[in-house]
Each structure stands twice: as C-alpha cells, then as structure tokens.
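Single-structure report; data block below.
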Amino acid sequence: MMYDSRFITANEYDKEVTVEGWAQEVRNLGGISFLILRDRYGLVQITAPKKKITPEVMQAITSLSRESVVRITGIVKASAQVKSGYEIIPSTVTVQSSAMTPLPMGVVDKVDVEAETRFNHRYMDLRKPEARAVFEIKSLVLRLIDEYMADNGFVEVFTPKLVASGAEGGSTLFKIDYFGKPAYLAQSPQLYKQMLMSTGMDRIFEIGPAFRAEPSDTARHVSEFISYDGEMAHIDSQTEVMAMIEGCMQYVISEVQTRGARSLEVLGTQVVLPKAPYPVISYEKAISMVQAAGFKIELGEDLGTEGEKMLGDLMAQDGHEMYWIAEYPEEAKPFYIMEKEGTPYSFSFDLDYKGQEISSGGQREHRYDRLVQRMEKKGLDPKSFEFYLNSFAYGMPSHGGWGIGVERLVQKMLGLNNIRETILFPRDRNRLVP
Ligand code: AMO
C-alpha cells in the first residue's frame with residue numbers, strides 16, 4: 001500500500017511501506033546514504049546503510065538527481081535522530097521520472113529567487129510547502145464562503161463571462177472577436193446579478209473569474225482574478241448588505257484559524273479575527289482623517305493606494321483591521337449605485353482590510369427612470385444596455401450587493417506583499433505564460 005507521509009505513525013514501525021515523492025536531497029557518506037523524500041505532507045528520511053541494502057538500491061539512490069520523482073518500498077524504523085521519529089530502510093527504489101540538471105531554480109535553497117524567475121517556473125516554485133499552503137487556505141476560504149452563503153439562503157449562480165457590454169468602465173475592458181462581432185470578457189457579474197433580482201431568486205452569489213485590462217503594475221492589481229459577488233433583494237438599506245458581508249468575513253476568518261491551522265503553521269503565520277462590528281467611516285470622514293494625518297487630498301478625490309494605506313494605519317491604532325468606508329460621492333461610483341437624494345453622495349461602500357480595499361458594493365438604483373438618468377449622466381447609451389434595463393421595466397425590487405476580490409482577501413489575511421502570491425498562474429500586463 002502507498003502511504004502519504006502523514007499516515008506513517010508508530011503503528012507502521014517495523015512494517016513495510018511504500019512512499020513516493022521528490023528527491024529533495026541526497027547525501028552520500030560512503031558507508032551510508034541518505035535521501036530526503038518530499039511529498040505533499042512533509043519529509044521522509046530514507047536511510048541506506050551499505051551493509052543492509054542491495055548494491056542496486058544503493059546505486060539507484062546515490063545516482064538520483066535532485067527533484068526526481070521516486071517510489072521507495074522499505075521497512076519503517078524508529079529513529080530518535082530524525083525529526084519525524086522514523087526512517088525507512090529501502091528494499092526497492094523505482095525512479096518514476098528523472099529530473100534534468102541543472103534545475104531552473106532551487107526548491108529548498110535559502111537564496112532569494114526573484115519573483116520573475118519564480119513565476120516563470122511556477123511548477124517548481126509551487127513545490128515549496130509555503131507556496132502551496134497559500135492555495136490550501138484559498139481553497140478553504142472558498143469552501144467557507146459556500147457554507148456561509150448556503151446557511152443564509154443564497155443560491156450559487158454562474159453568469160456569462162463572454163459579454164456584449166461592460167459594467168465597470170470602458171478603460172479596463174478586454175475586447176475579443178465573437179464570431180465577427182465585438183464582445184468583451186466580463187469585468188464582473190454586475191449586470192446579470194442585478195437582472196436576477198427581478199426573477200424571485202432574491203439571494204444569489206457567484207464565485208468566478210473577472211477580467212480587467214489593468215494598465216498599472218501594482219502589487220494588488222491583476223488582469224484576471226476571482227470575484228466573490230453577492231446580491232440580495234427586498235432590502236431597506238445597504239446596512240443589510242454590509243451585515244451579510246461582515247458575518248461572512250468573521251465566519252471565514254474564524255474558521256480559517258482552526259481548520260486552516262496546519263497550512264498557517266507551514267506559512268509561519270497567524271490570522272487575527274478582526275474586531276467586530278467593523279467601524280463605518282463616511283467617505284467625508286475618511287478624507288478628513290487622512291488630511292489631518294498630513295496626506296494631501298481634496299474632498300471628491302479617490303483615496304488611492306497611499307490614502308488607503310494611511311487610513312489603514314490610523315484604524316490599526318484602534319485595533320481595527322476591517323472597516324467600512326461608506327457613502328462615496330455619487331460621481332465616483334458607477335451608474336448602478338443609488339444616489340443619496342439631495343446630497344452629492346451615494347448609497348455605496350468599500351470594505352478595507354489592513355489598508356487595502358477588498359470589496360465594494362452598495363444599494364442599487366432599481367427605479368427604471370432614475371437608472372436611465374444615471375446612465376445618461378455617466379455618458380452611457382441606455383440602448384446598449386437594453387437587455388439589462390428591460391429587467392427593470394416589469395417589476396424590480398429594491399436590492400443591493402457586493403463584489404469581493406478573493407485574492408485580495410487572502411493576500412491581506414495572510415499578510416502577503418503581492419496579490420500574485422495568491423494566484424497559481426497570475427495574469428498581468430507583462431505576463432500571459434505560463
Ligand atoms: P470593484 O470594481 O470595486 O466593484 O471590484 C470589486 C473588488 O474586486 C477586486 N478587484 C481586483 N482584484 C484584483 N485585481 C484587480 N484588477 C481588481 N479589480 C477589482 C477588489 C475590489 O474591491 N460590480 C462591483 C461590485 C458590486 O458593486 O457588487 C465591482 O466590480 O477587491
């Protein structure tokens with residue numbers, strides 16, 4: 001029987017097992033050779049004393065190149081010298097795949113490899129347990145979101161990613177050729193999740209790819225990311241939407257602390273449960289807070305990366321890792337957001353996590369005439385949104401929702417410097433392969 005290293009316990013001592021993994025290190029000391037085999041769960045020491053094994057096995061071990069895949073059958077022996085408490089004395093060694101030399105990059109070498117090299121050889125980079133642990137946590141986060149959404153009566157939906165019009169501004173649209181017609185990659189499920197609100201599917205969520213032709217090279221923008229969107233109908237205000245997100249974030253983070261403990265240990269990281277309820281700071285207040293801290297910004301302007309960071313530092317002084325920035329100027333928000341009548345503001349919010357926006361959303365304009373007015377005000381042609389507007393013409397309830405960048409959430413949760421660390425094969429202006 002084949003064993004993952006995690007299943008080898010004292011019960012297997014003095015028994016025969018078969019393990020398979022990558023040859024991380026081979027040490028040949030003449031009378032004895034050691035092979036450190038790495039599998040998904042950890043390291044296994046294969047100890048080959050010349051006297052106790054066949055010359056063929058000795059030869060196979062000593063000639064292994066680093067990172068070759070090898071299957072070993074042998075007897076498990078207790079050993080106080082080995083961290084795991086045991087070693088395996090091999091009786092058969094089968095090389096499944098011999099690695100070429102030299103390696104494009106090291107897996108365990110202590111030298112810092114440039115990010116560029118790591119992403120060029122991502123298959124190799126992901127052999128590092130700490131690189132993989134990020135994806136174990138990301139997978140867990142997605143599972144926890146599913147759980148929370150199901151518990152709150154949300155139906156999971158999948159909306160088209162090949163679309164005829166954008167929802168989040170023309171400048172970040174990827175144009176494609178769709179059987180001779182112009183089309184785009186979806187920037188977000190925005191228009192579709194709102195259309196569904198007219199159907200009686202009054203609580204929906206989607207986790208899927210979103211595409212943005214982001215012209216800037218930053219540590220938090222990529223051109224393909226996973227968006228976790230929610231939309232809920234028959235709401236009285238955006239506060240209900242914010243409460244749903246906050247509940248979800250608290251659930252996800254507290255469960256990651258326990259269910260993700262092993263991956264967090266590999267990463268050498270601890271995750272802190274943010275203080276709740278999350279403070280709600282109005283956009284106006286946020287601007288005055290950063291102004292008072294010496295940041296040059298005018299009312300009406302976007303906080304931007306630096307402003308968000310500064311606000312994050314100010315909030316951290318009161319122990320807040322997550323907080324809302326609410327009621328942005330309507331001018332700064334897309335057409336689908338509801339205006340706060342008689343003011344220059346809107347029923348909108350961002351959720352920031354340690355100085356970085358991870359989500360935005362708000363209450364939507366569900367009244368047909370006002371929605372058309374808002375489109376016109378933003379210089380959009382309502383005709384090109386007819387398929388969307390129609391769903392507002394025959395009975396559309398009040399509704400609101402959000403979009404959360406899953407990778408930004410994971411990045412901030414794990415304290416990673418760059419969003420790309422949370423994406424297996426990141427896409428940006430400079431990268432389309434691997
Ligand atoms: P917005 O455009 O703010 O809102 O996007 C929502 C969230 O998606 C993430 N995000 C990104 N992550 C990585 N790289 C990018 N280039 C990128 N762009 C956005 C961020 C951001 O907060 N339809 C609205 C949401 C709504 O109102 O429901 C929307 O897409 O974490």
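The values are calculated or read from the model by the stated rules, or taken from the named source; none is laboratory data. Bear in mind the structure is a predicted one, so any value in this text is a computation, not a measurement. Cβ sites come from the backbone with ideal geometry, for glycine too, and all protein chains shown count toward neighbours. Please note that ligands, DNA and RNA were not included when accessible areas were found on the heavy atoms of the full protein model with its side chains. Shrake-Rupley method; radii C 1.70, N 1.55, O 1.52, S 1.80 Å.
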Pick out which of Ala292, Ala186, Ala210 has the largest mean-square fluctuation in a Gaussian network model of the chain, springs linking Cα atoms closer than 10 Å.
Ala292
Between Gln96 and Glu240, with labels modelled 7 Å along Cα→Cβ, what's the label distance in nm to one decimal, could you check?
5.3
Expressed as a rounded percentage, what relative contact order does the chain have, with Cα pairs under 8 Å and six or more residues apart?
13
For Lys51, the lysines lying under 21 Å Cα to Cα, once residues fewer than eight places off in the same chain are dropped, come out as Lys15, Lys77
FRET efficiency for Tyr178 and Tyr394 from the Cβ-Cβ distance with R0 = 35 Å, rounded to 0.05, comes out at 0.80
Which FRET efficiency value, to the nearest 0.05, is calculated for Thr18 and Leu273 with the Förster distance at 51 angstrom and r the Cβ-Cβ distance?
0.75
Return one number: the angle in degrees, 0 to 90 and rounded to the nearest 10, between the long axis of the Cα atoms of helix 238-259 and the longest principal axis of the Cα atoms of the chain.
10
Looking at the square roots a ≥ b ≥ c of the eigenvalues of the Cα gyration tensor of the stretch 94-136, which shape do they give, rounded for a/c under 1.5, prolate if a/b is larger than b/c, or oblate?
oblate
If I build a Gaussian network model for the chain, linking alpha-carbon pairs within less than 10 angstrom, which residue out of Glu12, Glu339, Glu407 has the largest mean-square fluctuation?
Glu12
If I model a spin label at Ala164 and Arg143 as a point 7 Å from the Cα along the Cα→Cβ vector, what separation in nanometres do I get?
4.1
What accessible surface, in Å², does a 1.4 Å probe find on Glu136, ignoring ligands, DNA and RNA and rounding to the nearest 10?
60
Within the stretch 80-210, what percent of beta bridges assigned by DSSP are antiparallel, to the nearest 5?
75
Given a 1.4 Å probe and heavy atoms of the protein chains only, how would you sort Lys383, Lys296, Lys77, largest accessible area at the top?
Lys296, Lys383, Lys77
Using 1/(1 + (r/R0)^6) with R0 = 56 angstrom and r between the beta carbons of Val155 and Gln81, what's the FRET efficiency to the nearest 0.05?
0.50
Gyration tensor on Cα atoms of the stretch 40-161, a ≥ b ≥ c root eigenvalues, a/c under 1.5 rounded, else prolate if a/b beats b/c, else oblate, says prolate
Could you order Met58, Met201 by accessible surface area, starting with the largest, using a probe radius of 1.4 Å?
Met201, Met58
Could you work out the Rg to Rh ratio of the chain, with Rh taken as the Kirkwood radius (inverse of the mean 1/r over all Cα pairs)?
1.08
Specify whether the C-alpha gyration tensor of the stretch 130-267 places it in the rounded, prolate or oblate class, a ≥ b ≥ c being the square roots of the eigenvalues: rounded for a/c under 1.5, otherwise prolate if a/b is larger than b/c and oblate if not.
oblate
Gln257-Met201 pseudo-label distance in nm [points 7 Å out on the Cα-to-Cβ vector]
3.5
C-alpha long axis of helix 304-317 to longest principal axis of the chain, angle in °:
80
How much accessible area per residue does the stretch 353-434 have, counting only protein heavy atoms and a probe of 1.4 Å, in square angstrom?
43
Rank these residues by their accessible area, most exposed first, probe 1.4 Å: Asp151, Asp352, Asp112.
Asp112, Asp151, Asp352
